[in-house]
Amino acid sequence: MSESIIKEVRRVREQHAASMGYDLDRIYDALKAGERKHAAEGWAVVPPPSVPPQEPDLALQRTRFACR
């Protein structure tokens, strides 16, 4: 991603949080309302995974490749 896209995303995220008074409950409710609206319009809403992916064992990876 280019730096300008990242800056734009962060700017929009900051504006959205400011419009909600940085209240996490209000931000969450607004996001869920948008999700329900999109689902009603026929958009596919993918639920989060029930089990988070397992984190890799980075210490083991560092040891494995340390001799190269």
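Of all GluC sites (Glu not before Pro) in the stretch 4-60, which ones are in loop regions per DSSP and have a Cβ with at most 14 other Cβ atoms within 10 Å? Don't skip to the answer; put the middle values down first.
Values: sites: E8, E14, E35, E41; in loops: E41.
Filter output for the stretch 4-60: E41.
Let a ≥ b ≥ c be the square roots of the eigenvalues of the Cα gyration tensor of the stretch 1-41; is it rounded (a/c under 1.5), or, if not, prolate (a/b larger than b/c) or oblate? Walk me through the numbers on the way to the answer.
Values: a/c = 3.71, a/b = 1.40, b/c = 2.65.
Oblate.
Where a number appears in this text, it was derived from the coordinates with a stated rule and is not lab data. All values reported here derive from a predicted model rather than from experimental measurement. Note: ideal-geometry Cβ built from the backbone for every residue, glycine included; neighbour counts use all protein chains shown.
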